[in-house]
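Dropping a structure here in structure tokens format, bear with me for questions.
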Number of protein chains: 4
Amino acid sequence: MVRVTVWNEYRHERESEVVAEVYPDGIHAVLADVFEEAGHEVRTATLDEGPEHGLTEKVLAETDVLTWWGHAAHDEVRDEVVDRVHEHVLDGMGLIVLHSGHYSKIFTRLMGTTCSLKWREAAERERLWVVEPGHPIVEGIDEYIQLEETEMYGERFDIPQPDTLVFSSWFEGGEIFRSGCCYRRGAGNVFYFRPGHETYPVYYDEDVQRVLCNAVEWAAPTDGPTPAFGNADPIEGIDTSDDRTVH
Amino acid sequence: MVRVTVWNEYRHERESEVVAEVYPDGIHAVLADVFEEAGHEVRTATLDEGPEHGLTEKVLAETDVLTWWGHAAHDEVRDEVVDRVHEHVLDGMGLIVLHSGHYSKIFTRLMGTTCSLKWREAAERERLWVVEPGHPIVEGIDEYIQLEETEMYGERFDIPQPDTLVFSSWFEGGEIFRSGCCYRRGAGNVFYFRPGHETYPVYYDEDVQRVLCNAVEWAAPTDGPTPAFGNADPIEGIDTSDDRTVH
Amino acid sequence: MVRVTVWNEYRHERESEVVAEVYPDGIHAVLADVFEEAGHEVRTATLDEGPEHGLTEKVLAETDVLTWWGHAAHDEVRDEVVDRVHEHVLDGMGLIVLHSGHYSKIFTRLMGTTCSLKWREAAERERLWVVEPGHPIVEGIDEYIQLEETEMYGERFDIPQPDTLVFSSWFEGGEIFRSGCCYRRGAGNVFYFRPGHETYPVYYDEDVQRVLCNAVEWAAPTDGPTPAFGNADPIEGIDTSDDRTVH
Amino acid sequence: MVRVTVWNEYRHERESEVVAEVYPDGIHAVLADVFEEAGHEVRTATLDEGPEHGLTEKVLAETDVLTWWGHAAHDEVRDEVVDRVHEHVLDGMGLIVLHSGHYSKIFTRLMGTTCSLKWREAAERERLWVVEPGHPIVEGIDEYIQLEETEMYGERFDIPQPDTLVFSSWFEGGEIFRSGCCYRRGAGNVFYFRPGHETYPVYYDEDVQRVLCNAVEWAAPTDGPTPAFGNADPIEGIDTSDDRTVH
């Protein structure tokens, strides 16, 4: 059992009829159901829940894995909240960044790059090929996941080289995309997963749900060492009488 | 010939007698000489040269590789200048981050992590072992570089896993450190190199100089593609009549 | 529960008194106990158990993770058995290679390099520093593991760059070593772990045991896709009438 | 100037009319011209040149970068020659493996995996997308290379995760493929490049030629340290009186 917090911008679903038809209670509601059915302890949080967007220190302290969906209001996420999420990831909290979350403040901060890409909304076919069949994130998945109607994301995707590339996508219109990317930042596991869109029912796809559940388990923290930083006494017996320091 | 800009905080050398004895004209002067002797076109820039710290758009536009030394005044580097350097790195400018530059704004932004570490000033011995003997950065270097008096930096070094780890250091007091780390961020090559300190004459060491010269050549930009980002027409002939977009 | 097979060359323990005093029933017996206590289903196999060294197709088919200890008789492991182990690793069986196993046929075949290194038997101190505190293999481990009496292994270790470097060692005599290295080959997870020697009681160390138990869980197979190889029909409707093939 | 040896199986071109029309003097002749025009010192060698296939110790000792094309006769390459090439790569010789060379003895030995893949000969369109625009191998290349008639190679490509993935391919029939993969093995740089086929005139494509020329420069050896392996005296003054060794 992993303690999952599903974060959602939750604007499109309330403002656009076409989106509300696909996700009447918000994308977060669909994802929360998926993780609950998988046996996890789930809560949700959204942008407009207050100045902390539902991501208080208390909530994050009780979160093993945070999933992030945002699109039109990345800029409205307050920097103090981003700082806090960032700190928790480095301390070991898992982070799963979904689709348009590539442009979120937390993802670009963790990556150190623009995370820009090509995109097109033409309801075209995507085929996510598994390139690492031994990776825990593809448990139960076939050689590829096929989605009939998706927004295209195309390379160049301006990210650091992933620690592990798990999925790579083919698009009908001629592009490819590194669509499942694993990173470790600090002690935290980060997974970027491309599928998902506000107007296509991608999060109802069973394979997509399966990958997300696998990713939650993969991203959950390990109880490893807490590194000490700063001035350190020698472990071996050495002469420490040098006094040239200018601190 | 590479166009190198050597950036230095240049405070310690003016404020502390013990540092001034080692680097009377500043660390940047020593490094500039090294790169000039190697045949490169070199300029220097320092923190107090004005509000842009000598790193104007014009200077960066004419820079292939930027080297960075800072220590006590990282916070005084203005965010606009960091933004500009960041953008140039992603566009292909090489960046070589030296020693205490691990805590600079530009390095932590590119890494996405704290870049914290352990440290100790005891003038102890360091041995930088080459772990990748085929890498261009170690051309002309023996199996290890030995420095008799160094500040210790010890793991855990809170950085993303390097794309390539070239050097790993042994310290007399019992620690180890990933001391030569290669990254690509955007189109830019980034090399972190640990040796160097304000009170130890490390930058006069010929092996250290050799590595820095190799790194300058390794980090120089390649004239590759300039990726297009944003909305993209399909390359293949597909139906683009879908109008569910909510943009 | 993971099905573990502990393989041991098991010669030194029977031929040398000094080794027999440390490992009276063989190194495999100590390791088997460790994994059994951790709740796994364990069997052992040794070089002299017959022409297949205890590694029949049936045994491997029932093995999730194989651990390998060899030293003086690598050449006596029959190529047919190495072929079989190799195939099982690529199909997803985990492999944990211990200490002098770096020179085993199975490890050098999986790596594609010589796996050579420097060594010295001087009962010196080793300190294995954790460089990836968020990795599942270091659960329950402090910042470093200290072993008072070890054989030294030093860089250059002629291996491919690890997918993840988890431990890096400091040695009293001045060397460092990448001592905990993760790889994926085919669908199989491979972990090389340096500690261990026939004359030093390293496998009785609780931290070493803890790492090995963690590694067993990390290396266990995932039930992912079984890739199809060879001639493939198109998934999209394309013209396949070209007949220039010379097959 | 790099000393390049172009190796070719050179059977199809002599045995099949359709191939001879595309490559009347052999694929090696076309590639040799390309490298010569780029200013390199080039020689060629082919399978049937004698028991050493033209790859004598003398030839390899004078080779900086070896390119490899084989398809139907991988098994006829003698193991002694493969051993020799392998040794030279580990010692620093660059190796560029082309298209169907994925199944060559030298590539599978260096990779440690089967290097299997999916394939189809339907003269379909391939688009090689650059995923690392800052890499020296894509100097002068646009965002993608488009080839109108190619054999398809599809994932899963059973290789170790590349040190750097430079190109990833889109195919008309619905597959993707990691088509430009960089590795370092020992001190040697290895580049696998997918394009090329005996019945399609791929090696006349200017972009393909450009990539190959870039790869030759990238793969050329560096004059780095020659690691010492085996028993090593301590560098630091430690007690070496322990006599428990059983060697």
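Copy-to-copy spacing for A:Asp242, label 7 Å out on the Cα-to-C-beta vector, in nm, shortest first?
2.9, 6.2, 6.4
Once you charge only the Cβ atoms, +1 for Lys and Arg and -1 for Asp and Glu, what is the size of the charge dipole of chain C about its Cα centre, to the nearest 20 debye?
For this selection, approximately 500 debye.
Something else now. Nothing charged except the Cβ atoms of Lys and Arg (+1) and of Asp and Glu (-1): what's the magnitude of the dipole of the protein assembly as shown about its Cα centre? Round to the nearest 20 debye. Write down the numbers at each step before the final one.
Values: 80 positive and 196 negative charges, 1 e Å.
Using only the charged Cβ atoms, the result is roughly 0 debye.
Counting only C-alpha contacts under 8 Å and six or more residues apart, can you give the relative contact order of the stretch D:68-147 as a whole percent?
About 26 percent, as a whole number.
Give me the Å³ per residue figure for the convex hull around the C-alpha atoms of chain C. Walk me through the intermediate numbers first.
Working: hull volume 39.0 nm³, N = 247.
Roughly 158 Å³ of hull volume per residue.
Here is a follow-up. So if I take the centroid of the Cα atoms in the stretch D:163-191 and the same for the stretch A:166-181, what is the distance between those two points in Å?
15 Å
Would you compute the Debye intensity of the protein assembly as shown from its alpha-carbon atoms alone, equal scatterers and no solvent, and pass along log10 I(q)/I(0) at q = 0.06, 0.07, 0.08 Å⁻¹ to two decimals?
-0.43, -0.60, -0.80
Summarise the long-distance tail of P(r) for the stretch D:140-187 by giving the % of C-alpha pairs beyond 15 Å.
Result: 52 percent of Cα pairs exceed 15 Å.
Shifting gears a bit: What is the set of long-range amide H partners of A:Ala187 at a cut-off below 5 Å, with H atoms built 1.01 Å from backbone N?
Counting only residues 5 or more places away or on other chains, the set is A:Asp91, A:Gly92.
While we're looking at this one, here's another question. So what is the orientation-averaged projected area of the stretch A:59-110, using the convex hull of its C-alpha atoms, in nm²? Display every interim value, and only then the final one.
Working: hull surface 13.0 nm².
Taking the Cα atoms of the stretch A:59-110, their convex hull projects to 3.2 nm² on average.
Right, something else. B:Lys118: which lysines have alpha carbons under 27 Å from its alpha carbon, excluding same-chain residues fewer than 8 sequence positions away?
Partners found: B:Lys105.
Right, something else. Placing +1 at every Lys and Arg Cβ and -1 at every Asp and Glu Cβ, with all other atoms neutral, what dipole size does the stretch B:20-63 have around its Cα centre, in debye to the nearest 20?
100 debye
From the backbone phi of the stretch B:51-60, what are the Karplus-calculated ³J(HN,Hα) couplings (6.51 cos²θ - 1.76 cosθ + 1.60, θ = phi - 60°) in whole Hz, Gly and Pro given as x?
3J(HN,Hα) across the stretch B:51-60, in whole Hz: x, 9, 6, x, 10, 6, 4, 4, 4, 5.
Calculate for chain A the 222 nm mean residue ellipticity that helices alone would give, adding -39,500 (n - 2.57) per DSSP H run of length 4 or more and normalising by residue count, nearest 500 deg cm²/dmol.
-6500 deg cm²/dmol
Follow-up. For the stretch C:1-75 and the stretch B:71-129, what is the centre-to-centre distance using only Cα atoms, to the nearest Å?
Their Cα centres are 48 Å away from one another.
Before anything else, pin down the relative contact order of the stretch A:1-92: Cα pairs under 8 Å, at least 6 apart, normalised by residue count, whole percent. Write down the numbers at each step before the final one.
Working: 119 pairs, mean separation 34.4, N = 92.
Reported relative contact order: 37 percent.
Given 10 °C and 1.306 mPa s, how large is the Stokes-Einstein diffusion coefficient of the stretch B:128-247 in µm²/s, with Rh as the Kirkwood radius over Cα pairs?
Values: Rh = 17.4 Å.
In µm²/s, the coefficient is 91.
Output needed: percent of Cα pairs per 10 Å distance bin for the stretch A:98-184, bins running from 0 to the one holding the longest distance.
The percentages, shortest bin first, are 17, 48, 33, 2.
Then there is this: With a 1.4 Å probe, how much accessible area is buried between chains D and C, both sides summed, in Å² to the nearest hundred?
4500 Å²
Taking all protein chains in place and a 1.4 Å probe, what share, in percent, of the accessible surface of chain A do carbon and sulfur account for?
42 percent
Relative to the other copies, what are the label-point distances for B:Ala72, with labels 7 Å from Cα along the C-beta vector, expressed in nm at one decimal and sorted shortest first?
5.2, 6.1, 7.5
Something else now. Taking a quarter of the surface of the Cα convex hull of the stretch C:190-247, what do you get in nm²?
Over all viewing directions, the stretch C:190-247 projects a mean Cα-hull area of 8.6 nm².
Give the percent of DSSP beta bridges with both residues in the protein assembly as shown that are antiparallel, rounded to the nearest 5.
Of all bridge pairs located within the protein assembly as shown, approximately 55 percent are antiparallel.
Counting heavy atoms of the protein chains only and a 1.4 Å probe, report the per residue accessible area for the stretch C:1-79 as a whole number of Å².
Value returned for the stretch C:1-79: 45 Å² of accessible area per residue.
Sticking with this one: For the stretch A:173-219, count the residues as N, evaluate 2.2 N^0.38 Å, and divide the Cα radius of gyration by that value, please.
Details: Rg = 12.5 Å, N = 47, 2.2 N^0.38 = 9.5 Å.
For the stretch A:173-219, the normalised Cα radius of gyration comes out at 1.31.
Over the Cα atoms of the stretch D:32-165, each weighted equally, I'd like the Debye log10 I(q)/I(0) at q = 0.09 Å⁻¹, rounded to two decimals.
Here log10 of I(q) over I(0) equals -0.32.
Counting only other residues whose beta carbon sits under 13 Å from that of D:Phe229, what net charge do I get with K and R as +1, D and E as -1? Intermediate results must be reported in sequence, preceding the final value.
Values: positive: C:Lys118, C:Arg120, C:Arg156; negative: B:Glu143, C:Glu155, C:Asp158, C:Glu175, D:Asp91.
After counting each charged neighbour, the total is -2.
If you count only protein heavy atoms with a 1.4 Å probe, what accessible area per residue comes out for the stretch C:90-178, rounded to a whole Å²? Display every interim value, and only then the final one.
On the way: 1660 Å² over 89 residues.
Per-residue accessible area for the stretch C:90-178 comes out at 19 Å².
Closest to the D-onto-B rotation axis, which residue of chain D has its Cβ, and how many Å off the axis is it?
D:Asp163, 4
Shifting gears a bit: List the equivalent ellipsoid semi-axes of the stretch A:84-124 in whole Å, largest first, each obtained as the square root of 5λ for an eigenvalue λ of the Cα gyration tensor.
Details: eigenvalues 124, 26, 8 Å².
Over the Cα atoms of the stretch A:84-124, the semi-axes work out to 25, 11, 6 Å.
Please report, in Å, the Rg and the Dmax of the stretch C:1-108, where both are computed over Cα atoms only.
Just the Cα atoms of the stretch C:1-108 yield Rg and Dmax of 13.1, 40 Å.
Where the label is 7 Å out from Cα toward Cβ, how close does A:Gln146 come to the same position in every other copy, in nm, shortest first?
2.5, 6.1, 6.5
Just which residues of the stretch B:120-157 lose 50 Å² or more accessible area with every protein chain there, against their chain alone, with the probe set to 1.4 Å?
B:Arg120, B:Glu121, B:Ala122, B:Trp129, B:Val131, B:Glu132, B:Pro133, B:Gly134, B:Glu143, B:Arg156
The values are calculated or read from the model by the stated rules, or taken from the named source; none is laboratory data. Keep in mind that this is a model prediction, so the values were computed, not measured. Cβ atoms come from the backbone with ideal geometry, glycine included; neighbour counts cover every protein chain shown. Just the protein is used for accessible areas: all its heavy atoms, side chains included, with ligands, DNA and RNA removed. Shrake-Rupley method; radii C 1.70, N 1.55, O 1.52, S 1.80 Å.
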